[in-house]
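Coordinate-derived values only; no laboratory data. Model, not experiment: these values are computed from the prediction. Every residue, glycine among them, receives a Cβ derived from its backbone with ideal geometry; neighbour counts consider all protein chains shown.
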Amino acid sequence: MLILALDTSDLSGSFSVLNGVNTIEKPLLDNEKTAQILIPQIKTMLESEGYSLADVALHAVATGPGSFTGIRIGLTTAKTFAYAAKKKIIGINSLAAIAMAAKFRNFWLSGSITIVMNAFRKQMFWATFDFDDFSEQAFEANNRTKVVDQSDLFHVLNSAEQSNHLICGPGTRQFTAVDLDQFGERVLPAESFESPAIGVGLLAAIRANRNDFDDPIKLLPNYFRGSAAEEKLKIAGKTSLKK
């Protein structure tokens, strides 16, 4: 089964093509405009490997958390491909995909890992996964995903429960030199979480083997919180009610 996996949930995106044991990864540069270059680059890579979009049997996509705009771009692209060609589609939690990528690249070999991602507005998304039960935890990762203030996240990571957990994800870019020194080797290098589309594809392959697919029309992004504009509207609404 040829799988095309997309992850545009972070500031930089990536996509991957998986066909059995063969995997091809393609990162999108931070300064590239994802909406403009994503589809042309997908077509170019497929053609370079002797494929076309018609050969893709399964479209896999990260559904969040992450950048509001980025998630919409990836999800809209994957849903359009799947719906137009009547192909299968599977949505994968972005944090679970990062954990899968770290596992695939042999940065995470045992124990537990906490994935962190910048949620902006001085907040962080995070979720913890256990190596031995990872597959099942990954597929219910939406229930494991939390958003907290960045200062509160450090309390979580320093807690007794998390003291031996590895720390991975684009959220570690927000750590100061003092933070990195404090957590030491628990923090995995950037190579562990870059181009996480490979994790999206690998997790989607497991679900596909279980015949567990999503409806391309009903598959929606998971933002895990309202946008800044939505939160301002809520505050404004509460203020007007008090008056």
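Descriptive notes on the structure:
- Each residue, residue 120 and residue 69, gets one label point 7 Å from its Cα in the Cβ direction; the gap between the two is 0.8 nm.
- The label point for residue 159 and the one for residue 49, both projected 7 Å from the Cα toward the Cβ, are 4.0 nm apart.
- This model, with +1 at the C-beta of Lys and Arg and -1 at the C-beta of Asp and Glu, gives region 95-192 a dipole about its Cα centre of some 360 debye.
- Whole-angstrom gap from region 142-169 to region 9-26, using each part's C-alpha centre: 27
- Label corresponding to P(r) over Cα pairs in 10 Å bins from 0, in percent when calculated from the structure given, among (1) 7, 33, 41, 18, 1; (2) 7, 29, 37, 20, 7, 1; (3) 8, 33, 34, 18, 6, 1, 0: (3)
- Relative to one another, the C-alpha centroids of region 70-138 and region 173-207 are positioned 11 Å apart.
- Each peptide in 58-66, 12-20, 155-163 gets a packing score, the mean of other Cβ atoms within 10 Å over its residues, and the list from highest to lowest is 58-66, 12-20, 155-163.
- Cleavage-rule hits (trypsin sites (Lys or Arg not before Pro)) in region 68-131: DSSP loop, at most 14 neighbouring Cβ within 10 angstrom: 86, 121, 122
- For the chain, the dipole from Cβ point charges (+1 on Lys and Arg, -1 on Asp and Glu) about the Cα centre works out to 1160 debye, to the nearest 20.
- Gain in span if fully extended, residue 84 to residue 21, counting 0.36 nm per residue against the direct Cα distance: 20.0 nm
- Virtual spin-label span in nm between residue 11 and residue 76, 7 Å along Cα→Cβ: 2.2
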